[in-house]
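Asks: So that we are looking at the same thing, I have put the structure below in structure tokens.
Rule-based calculations on the coordinates, nothing more; no lab input. What you are looking at is a predicted structure, and each value in this text was computed from that prediction instead of being measured. Note that each Cβ is placed from the backbone with ideal geometry, even for glycine, and that neighbours are counted across all protein chains shown.
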């Protein structure tokens, strides 16, 4: 099992450590609900150094990205980030990812930890364009500093004007006395903040500086448990739960990042699916009766007929309600439709709601 450059720091802080995507990761420190609230109301720090980073460089770097991803990366400019996904040839998703345009010929792709090797091999398979590819995952650390007070908490550490940064943009500069740090106005929580990329060698210096600067703002370390409840309240997909190699991106609601103005892997089949309409849809679920919709629980109609299954679910700390996401047959996907979750042979009433759950 791999460690991040900060694993010892998490253990010293008393984090509960668990194996996740081949890494030894902190799932919680003070408790998921308290950590969740810290991010919604103040500022928290996630070590997400397990994520993968690839650098693609050369005259044809953009063309390779256009070929393997669904979104239109030609719309990017220097310092801009784009959410996208890589379709496979069977109608499913290889991975969802972020595309960073560093300059006209240089891009960084940020991929999910569990898919690093798979994604690398997939892109290499299509790289007949002479693009120089580097997998910098093992030497790159990534901290997500998230919450409404993130900009204030971090501003003393850099000359980059954090408050003025647009969502899904990034800048490179000096941060906590370290040169060439990439600061990105992105995140997976819905509470604003930044993701900070730097070399492993500087991990402890940057971690300590962030916590010292953030002390007056109530900064706390946050584990993967709260990362999951935060993203679920926003209705953000988690690879391996809500999307995977067998799920259609159009059924998953990723049509907004599927641009048919250019060819990409499996685009003719996806265009045909768009024109014909999907058979099922990923929907938001809110429990009416007591019970939590867990991954893989069956979803039924009033007569007990199976109409789908739950992909993600939790007790929402912000809303004090049980919520989830799941795929249902298209005719049951309308907002306000009553459905039932099968929990230990009981039919528990729920309803279809619009995401995000947390406004």
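Asks: Which one of 251, 286, 275 has the biggest mean-square fluctuation once the chain is modelled by GNM with Cα springs under 10 Å?
Replies: Top of the fluctuation ranking is 275.
Asks: Using Cβ counts within 10 Å as a stand-in for footprinting exposure, how do 299, 292 rank, fewest first?
Replies: Final ranking by Cβ density, sparse to dense: 292, 299.
Asks: Of the DSSP beta bridges with both residues in the chain, give the percent that are antiparallel, rounding to the nearest 5.
Replies: 95
Asks: Okay, moving on. With the cut-off at 17 Å, report for the range 132-260 the share of all Cα pairs above it, as a whole percent.
Replies: Result: 64 percent of Cα pairs exceed 17 Å.
Asks: A further question on this structure: Considering the chain as a Gaussian network with a 10 Å cut-off on Cα pairs, which listed residue, 278, 94, 181, attains the greatest mean-square fluctuation?
Replies: In the Gaussian network model the winner is 278.
Asks: Hey, any idea what Rg/Rh is for the range 280-353, computing Rh the Kirkwood way over Cα pairs?
Replies: Rg/Rh for the range 280-353 comes to 0.92.
Asks: Distance from the Cα centre of the range 246-268 to that of the range 108-131, in angstrom?
Replies: When both Cα centres are located, 18 Å separates them.
Asks: How many percent of all Cα-Cα pairs in the range 227-314 sit more than 21 Å apart?
Replies: 39
Asks: Would you mind listing how long the chain runs along its three principal axes, going by Cα atoms, in whole Å with the largest first?
Replies: 63, 49, 39
Asks: Rank 111, 45, 306 by mean-square fluctuation in a GNM of the chain with C-alpha springs under 10 angstrom and give only the top-ranked residue.
Replies: In the Gaussian network model the winner is 306.
Asks: Hey, another quick one. Per DSSP H run of n ≥ 4, the term is -39500 (n - 2.57); total these for the chain, divide by its residue number, and report the mean residue ellipticity at 222 nm rounded to 500 deg cm²/dmol.
Replies: Roughly -5500 deg cm²/dmol at 222 nm, from the helical runs in the chain.
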